[in-house]
Amino acid sequence: MQFRHLFSVFFSLASAGLSGQIGGREVYQFLNITPEARVVAMGRLPIAYWEPDVNFAILNPALIHAQLHGSLSLNAVSFPADIFIGSANYAHHFDKAGTFTLGIRSFQYGKFVAANQFGVQTGEFDVSDLVITLGHGREVYENLYAGANLKIINSAYEQYSSFGLATDLGVTYHIPEKLLTWSLLIRNAGFQWDPYTTERGRLPFDLQIGVSNRFRHLPLRWHITADQLHRPDVSFINPANSRRDPITSQLIEENITLANKVFRHLSFGAELSPTKGFNVAIGYNFRMQQELRMNTRRSSAGLTFGLGFRVSKFMIQYSRGVYHVSGAANLFSVTTRFSDFKKKEKAD
């Protein structure tokens, strides 16, 4: 089997498992994978989550604001099958130019055995992806924020490599007195500049809208995000959910209701923060649950949960995302702000 065909099969299956069945239509599906623990704990897509956390600003550049100045986050994910993902995010504010963010994500899939068309092993090779994100955001009007990300993308699969460019464009309306935030986000609009072979693929474009609110007398914030709004129907008929008529033996396909199709666009999350140094979060992605569930076994696919606690000047986050009965992802994040260290030095 040629490497090109092998990669097509492998990464189509991998992206389907990580991003749902709408994955596999485009290249660079890893752009939809989030390695930040707190973001994943909130359901993977909290695009309207207004908190002084640089990880949310990397997800949606319209959440970039001056309070993020000096924030640094280091993140690591342990996926099944020895897949490792790491990221580092930083924010810096300039009085005249606004606030900028820099994010680096590295995807390492381990070593693969190389073989020729006769099945004779010829060695090993590495497979990796890399995304560098430069973001900028600022308040353009009272309570109205706008931001943009520029993503530089690189993939290296044995002798095949590819470069691409993508952008995220976001608008956020934040109402402090109501603790309410609305966001509209265009993700991964771009192109494959240098394809793996001669044919260019489409990027995993996404149109999203989200809302979040924090209760005034309860330390709880919730969010709802709708994604894939440019595709009204993201459902698919799963042959595994078909059944046979006991009388005619005819195959009866799965019936997907209108309500089911609507909920496949939605993800939910809530976070309880009784103190600034502790939080507990839970999230749910309905489409992931529908696409990765099994009829023969109860599954928690689509469910995420996590917690965070402060140790000195560092906020440590852990979350777990369930993809399938066969495995889940464990995520770890450490976040700090350099301004906190400067305050401590002045106090000393």
*Inter-part distance where the stretch 135-187 and the stretch 204-268 are each reduced to a Cα centre, Å*: 24 Å
*Give, as a single signed number, the net charge of other residues whose beta carbon lies under 13 Å from the beta carbon of G321, with Lys and Arg counted +1 and Asp and Glu -1.*
+2
*asked:* Order these by the 10 Å Cβ neighbour count, fewest first: T181, T257.
replied: T257, T181
_Angle check, please: helix 338-347 long axis (alpha carbons) against the longest principal axis of the chain (alpha carbons), in degrees 0 to 90, nearest 10._
30 degrees
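Over the chain, what relative contact order in percent results from Cα pairs under 8 Å that are six or more residues apart? Mind showing how you got there, number by number?
Working: 887 pairs, mean separation 61.9, N = 348.
After rounding, I find 18 percent.
From the helices alone, meaning DSSP H stretches of at least four residues, give me the mean residue ellipticity at 222 nm for the chain, per-run term -39500 (n - 2.57), in deg cm²/dmol to the nearest 500.
It lands at -4000 deg cm²/dmol.
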*Which of V77, G283, Q208 sits closest to the plus end of the dipole of the chain, meaning its Cα is farthest towards the positive end, when Lys and Arg get +1 and Asp and Glu get -1 on the C-beta?*
G283
*So how do 211-218, 186-193 stack up, highest first, on mean other-Cβ count within 10 Å?*
186-193, 211-218
_Give me P(r) over the stretch 3-347, computed from all C-alpha to C-alpha distances, binned every 10 Å, as integer percentages._
5, 23, 33, 23, 11, 4, 1, 0, 0
*Where the only charges are on Cβ atoms (+1 Lys, Arg; -1 Asp, Glu), what is the dipole of the stretch 155-220 about its Cα centre, to the nearest 20 debye?*
420 debye
*If you line up the long axis of helix 3-19 against the longest principal axis of the chain, both from Cα atoms, how many degrees apart are they, to the nearest 10?*
50 degrees
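No value in this document is a laboratory result; all are computed from the given coordinates. Only a predicted model underlies this, so the values are computations on that prediction, with no experimental measurement involved. Glycine also receives a Cβ, built like all others from the backbone with ideal geometry; neighbour counts cover every protein chain displayed.
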